[in-house]
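Okay, structure first, notes after.
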Amino acid sequence: QVLDVIVDGEELQNVRAVRVFPISRRADYVSFLDEKGKEVLLLARADKLDKASRRALAKALDRMYYVARILRVHNISETMGVTHWRVLTDKGYASFEVVDRQHIRKLPGGRFIIVDADGNRFEIADVSELDSRSQSLVFSET
């Protein structure tokens with residue numbers, strides 16, 4: 001989702017908001033990129049924006065960083081190096097493909113971020129909280 005931003009009287013049109021540290025420090029910094037992906041503005045404190053601006057920014061970031069939390073892994077199969085996942089998430093059942101194991105990031109505290117072939121993000125908040133079968137399936141892929 002693109003935004004129009006006004007800073008010190010200057011209007012930046014059709015910029016895209018991205019978190020600078022999307023995994024480790026979600027709310028601290030937001031970068032605004034032009035259509036070529038070049039940073040045109042860095043925002044350090046979104047909480048200082050007016051209410052309407054905070055709401056528009058939050059909506060844009062939510063769309064950019066949609067994440068479904070995996071609650072159970074039903075099955076993982078592989079065909080020609082592509083893994084096919086069937087899972088239950090906090091948003092319902094999902095089926096997705098992971099084309100490269102590098103798209104499965106293991107983070108501290110048993111957390112995993114998985115990016116599917118379409119760029120959608122899935123999160124396992126703490127793998128130890130999954131049932132034992134789900135844990136085994138996840139560990140077989142990492």
Worksheet item: In this structure, does Glu39 turn out to be of a type outside the set (S, T, N, Q) and either surrounded by 12 or more Cβ atoms within 10 Å (Cβ to Cβ) or closer than 22 Å to Val87 by Cα (or both)?
Response: yes
Worksheet item: Under 6 Å by Cβ, and 6 or more places apart or on different chains, what pairs join a residue from region 94-110 that is within 18 Å of Ala68 (Cα to Cα) and of a type outside the set (Phe, Trp, Tyr) with one that is open to solvent by 60 Å² or more (accessible area, probe 1.4 Å) and assigned to a strand (DSSP E or B)?
Response: Ser95/Arg86
Response to the item:
Among the residues of region 42-73, the number that are touching a residue at least 40 places away in the same chain (Cβ under 8 Å) and either touching a Gly at 6+ places or on another chain (Cβ under 6 Å) or open to solvent by 40 Å² or more (accessible area, probe 1.4 Å) (or both) is 9
Worksheet item: Restricting attention to region 128-139, does a residue exist that is within 13 Å of Tyr66 (Cβ to Cβ) and open to solvent by 50 Å² or more (accessible area, probe 1.4 Å)?
Response: no
Worksheet item: Does Asn14 meet the test of being free of Cβ contacts under 8 Å to residues at least 60 places away in the same chain, farther than 21 Å from Gln102 by Cβ and of a type in the set (S, T, N, Q)?
Response: yes
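The values are calculated or read from the model by the stated rules, or taken from the named source; none is laboratory data. Bear in mind that the values here come from a model prediction, so they are computed numbers and not experimental data. Note that we place each Cβ from the backbone using ideal geometry, even for glycine, and neighbour counts take in every protein chain shown. The area values use the complete protein model at the heavy-atom level, side chains included, leaving out ligands, DNA and RNA. Shrake-Rupley method; radii C 1.70, N 1.55, O 1.52, S 1.80 Å.
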